[in-house]
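Input: a single structure, listed below in structure tokens.
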Amino acid sequence: MTDAADGILDLWPTKLVRRHLPDFEEPTQAMVKLIRDMERVNKDLTTDYLAPDFFNKDEPSINWLREQVNATVVDYLRAIGIDYDVRWSIQGWPNINRLGDYHDAHNHPGSYLSGTYYLKVPTVKEPMRNRPDVRPSNITFYDPRPGINMNSIKGDPYVDPEFTVTPEPGLLMMWPAFLNHFIHPNLSKETRVTVSFNIVLKWQDHYLPTQ
């Protein structure tokens with residue numbers, strides 16, 4: 001942006017989608033069963049990101065989720081003002097997290113958007129005697145501008161360098177792939193089951209911005 005109208009400008013915003021999917025119960029339960037069956041065949045399912053793409057399977061529950069993800073991508077692109085044809089593919093993988101499992105802070109190189117759909121979230125938390133501030137199974141996103149909160153004052157939207165979401169079944173999250181995020185440890189004997197995915201653009205020359 002080189003010019004704009006007078007006023008307070010919203011520069012370099014980070015858009016993040018949080019969406020509770022309607023009528024999720026039946027397809028979500030079917031996906032949980034499918035993923036558990038997949039893990040019986042592949043014990044490294046959660047860490048095997050190069051396994052065959054989850055969204056390539058022709059299953060009614062996966063087809064439902066694919067439609068939901070594609071619709072959410074369309075909404076995201078409209079929200080940021082992209083009004084031209086954009087094409088993409090979805091690359092996804094299932095995760096089964098057990099007691100103590102977590103994912104370090106990371107982003108997703110090579111992708112445009114990333115996201116997670118929550119199928120099953122533990123309802124029971126094991127007692128923690130020394131750390132009442134733990135956020136088991138939550139996802140935390142970090143401000144991509146390091147140190148931006150150093151000069152913030154009370155009420156300033158930049159005062160908090162992180163944003164944490166407590167997930168629940170049926171919740172779809174989507175964000176720019178460059179955004180660092182951390183998956184807090186599962187502190188329950190119950191499993192957390194999710195499907196993570198990347199939105200990878202199918203490149204076209206008209207994507208190039210005007211310089």
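The values are calculated or read from the model by the stated rules, or taken from the named source; none is laboratory data. Note that this is a predicted model, so its numbers are computed, not measured. Every residue, glycine as well, gets a Cβ built from its backbone with ideal geometry; the counts of neighbours run over all protein chains shown.
The table that follows gives values for the structure above.
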{"quantity": "Qualifying residue in the range 170-178 (condition: buried (at least 17 other Cβ atoms within 10 Å of the Cβ), of a type in the set (Gly, Ala, Ser) and in a strand (DSSP E or B))", "calculated": "no"}
{"quantity": "Single condition Leu187 does not satisfy, out of (1) buried (at least 17 other Cβ atoms within 10 Å of the Cβ); (2) outside any loop (DSSP other than H, G, I, E, B)", "calculated": "(2)"}
{"quantity": "The range 126-169 - residue that is loosely packed, with under 12 Cβ neighbours inside 10 Å and polar (S, T, N, Q) and, of those, modelled with the lowest pLDDT", "calculated": "Asn130"}
{"quantity": "Filter result for Thr2 (in contact with a Leu (Cβ under 7 Å, 6 or more places away or on another chain), modelled with pLDDT under 95 and farther than 21 Å from Leu119 by Cβ)", "calculated": "no"}
{"quantity": "So Asp10, is it in a loop (DSSP other than H, G, I, E, B), of a type outside the set (Val, Ile, Thr) and either within 25 Å of Thr191 (Cα to Cα) or at pLDDT 90 or above (or both)", "calculated": "no"}
{"quantity": "Condition check for Lys43: in contact (Cβ under 8 Å) with a residue 24 or more places away in the chain, part of a loop (DSSP other than H, G, I, E, B), exposed (fewer than 15 other Cβ atoms within 10 Å of the Cβ) and not small (Gly, Ala, Ser)", "calculated": "no"}
